[in-house]
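Asks: What follows is a structure written as structure tokens; I'll ask about it next.
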Amino acid sequence: MSDRSDRGDTADTDTDAPREPYGVGPAYPSSHTRFTTDNPARYAGAPAPEPAAPGAPATASHGPTSAAAADDPYYTPSAEFTVAEGVRDVGMVFIGGSLTAGYGDPKGLGWVGRVVARTQHPDLDLTAYNLGVRGDTSGDVVARWGAECHPRWKGRSERRLVLSVGTNDVLTGMTMARSRLNLANVLDEATNAGIGVFVVGLTPTLDAEMNRKIEALAEAQADVCSRRGITYVDCYRPLATHDQWMADLAASPDRAHPGQAGYGLIAWLVLHNGWNDWLSLS
């Protein structure tokens with residue numbers, strides 16, 4: 001398949017007053033919920049470029065992200081996603097790697113379990129599935145998502161897909177262009193089939209060099225999503241400067257996966273950055 005096209009949501013600032021998600025109890029202790037961002041628009045998808053004036057010099061692009069974006073036009077799905085009136089029969093599948101699976105959480109919930117626990121509403125008959133596989137790259141998700149997700153949606157009138165990939169792409173040395181293409185292919189296939197998609201971004205590590213690569217990929221993912229009008233939750237910037245996140249990683253056995261507090265932080269970001277709007281809950 002060809003890489004086609006992507007809306008990025010940013011984390012709440014201290015001055016924001018986000019709507020509380022449905023469900024019982026906080027995603028994690030309220031003392032951990034303050035995030036700051038010095039550049040809220042950084043990961044928002046760029047608007048379509050203006051045509052150059054006749055005779056004007058072409059603007060040079062730099063780096064793999066720009067090169068990939070040049071072949072990634074703005075995209076309109078061929079199937080329309082609709083939300084039924086009254087009680088909605090929703091099948092929601094979460095797919096990704098070890099962070100999606102919740103590896104390392106002593107509570108066994110991960111961010112997915114916490115988000116599902118807060119996504120309760122009288123008009124929402126929700127069936128949720130966690131298909132996170134430790135070690136999965138975006139290529140692995142491309143290969144398996146259709147075969148594994150579609151049986152979970154059987155009989156459901158509303159199909160939802162929550163996708164979170166990328167860290168293992170960096171760890172395995174996958175090129176930016178290939179990682180971007182893999183994400184775009186899943187998004188395009190899903191939206192063309194009338195499936196609602198939500199993307200959760202990458203999280204920082206304790207390694208500065210690794211973080212530089214993760215940040216670059218996070219920006220590329222946000223652009224891919226923006227071109228398709230798909231909500232992208234930026235997890236990198238809010239957590240890169242969050243003491244509790246870094247302390248949780250440092251205290252974990254492998255110093256790579258968070259514990260209870262860290263997964264709670266991811267859940268909070270998801271719930272407060274477009275989740276209710278995506279689900280059409282008011």
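The values are calculated or read from the model by the stated rules, or taken from the named source; none is laboratory data. These numbers were taken from a predicted model, which means no experiment stands behind them. Reconstructed Cβ throughout: ideal geometry from the backbone, glycine too, with neighbour counts over all protein chains shown. When the accessible area is computed, the model is the full protein with side chains, heavy atoms only, and any ligands, DNA or RNA have been set aside. Shrake-Rupley method; radii C 1.70, N 1.55, O 1.52, S 1.80 Å.
Asks: Please give the number of the condition ARG212 fails out of (1) assigned to a helix (DSSP H, G or I); (2) crowded, with 23+ Cβ neighbours inside 10 Å; (3) not small (Gly, Ala, Ser).
Replies: (2)
Asks: Also, I was wondering about something else. Only one of (1) in contact with a Ser or Thr (Cβ under 9 Å, 6 or more places away or on another chain); (2) over 25 Å from TRP275 (Cα atoms); (3) assigned to a helix (DSSP H, G or I) is not met by ALA147, so which one is it?
Replies: (1) is the only condition that ALA147 fails.
Asks: Identify, please: which residue in the stretch 128-137 is assigned to a strand (DSSP E or B) and out of contact with any Cys (no Cβ under 9 Å at 6 or more places or on another chain) and is, among those, least open to solvent (accessible area, probe 1.4 Å)?
Replies: Here is the first cut: in the stretch 128-137, the ones assigned to a strand (DSSP E or B) are 128-132.
Filter again for out of contact with any Cys (no Cβ under 9 Å at 6 or more places or on another chain), leaving 128, 130, 132.
Working: ALA128: 42, ASN130: 68, GLY132: 21 Å².
Here the answer is GLY132.
Asks: Before we move on, is ALA147 surrounded by fewer than 19 Cβ atoms within 10 Å (Cβ to Cβ) and of a type in the set (A, V, I, L, M, F, W, C)? Spell out the reasoning first.
Replies: Details: surrounded by fewer than 19 Cβ atoms within 10 Å (Cβ to Cβ): yes; of a type in the set (A, V, I, L, M, F, W, C): yes.
Yes; evaluated as a whole, the condition is true for this residue.
Asks: Then there's this: Residue by residue through the stretch 162-184, note down the ones that are in contact with a helix residue (DSSP H, G or I) (Cβ under 6 Å, 6 or more places away or on another chain) and not in a loop (DSSP other than H, G, I, E, B). Outline the logic, then answer.
Replies: First, the residues of the stretch 162-184 that are in contact with a helix residue (DSSP H, G or I) (Cβ under 6 Å, 6 or more places away or on another chain): 164-166, 169-170, 176-177, 179-180, 182-184.
Scanning the stretch 162-184 gives SER164, ASP169, VAL170, MET176, ALA177, SER179, ARG180, ASN182, LEU183, ALA184.
Asks: Could you tell me which of the residues LEU206, LEU239, LEU265 is part of a loop (DSSP other than H, G, I, E, B), aliphatic (A, V, I, L, M) and at negative phi?
Replies: Working: LEU239 fails: part of a loop (DSSP other than H, G, I, E, B); LEU265 fails: part of a loop (DSSP other than H, G, I, E, B).
Result: LEU206 is the single residue among LEU206, LEU239, LEU265 that is part of a loop (DSSP other than H, G, I, E, B), aliphatic (A, V, I, L, M) and at negative phi.
Asks: Limited to the stretch 195-223, what total is found for residues that are in contact with a Ser or Thr (Cβ under 8 Å, 6 or more places away or on another chain) and either acidic (Asp, Glu) or at pLDDT below 95 (or both)?
Replies: 2
Asks: So, one more: Among (1) outside any loop (DSSP other than H, G, I, E, B); (2) buried (at least 24 other Cβ atoms within 10 Å of the Cβ); (3) not β-branched (Val, Ile, Thr), which single condition is PRO258 missing?
Replies: Here PRO258 clears every test but (1).
Asks: Restricting the stretch 89-127 to residues that are in a loop (DSSP other than H, G, I, E, B) and within 17 Å of ARG160 (Cα to Cα), which is least open to solvent (accessible area, probe 1.4 Å)? Explain how you work it out, then say what you get.
Replies: Pass one, the stretch 89-127, residues in a loop (DSSP other than H, G, I, E, B): 97, 102-109, 119-120, 122-123.
Filter once more, so that each one left must be within 17 Å of ARG160 (Cα to Cα): 119-120, 123.
Details: THR119: 4, GLN120: 91, ASP123: 68 Å².
So, considering only residues that are in a loop (DSSP other than H, G, I, E, B) and within 17 Å of ARG160 (Cα to Cα), the one least open to solvent (accessible area, probe 1.4 Å) is THR119.
Asks: What's the number of the condition ASP188 fails, among (1) more than 15 Å from PHE94 (Cα to Cα); (2) of a type in the set (D, E, K, R); (3) exposed (fewer than 15 other Cβ atoms within 10 Å of the Cβ)?
Replies: Here ASP188 clears every test but (3).
Asks: Which of (1) under 18 Å from LEU163 (Cα atoms); (2) in contact with a helix residue (DSSP H, G or I) (Cβ under 8 Å, 6 or more places away or on another chain) is the odd one out, the single condition HIS242 does not satisfy?
Replies: Single failed check for HIS242: (1).
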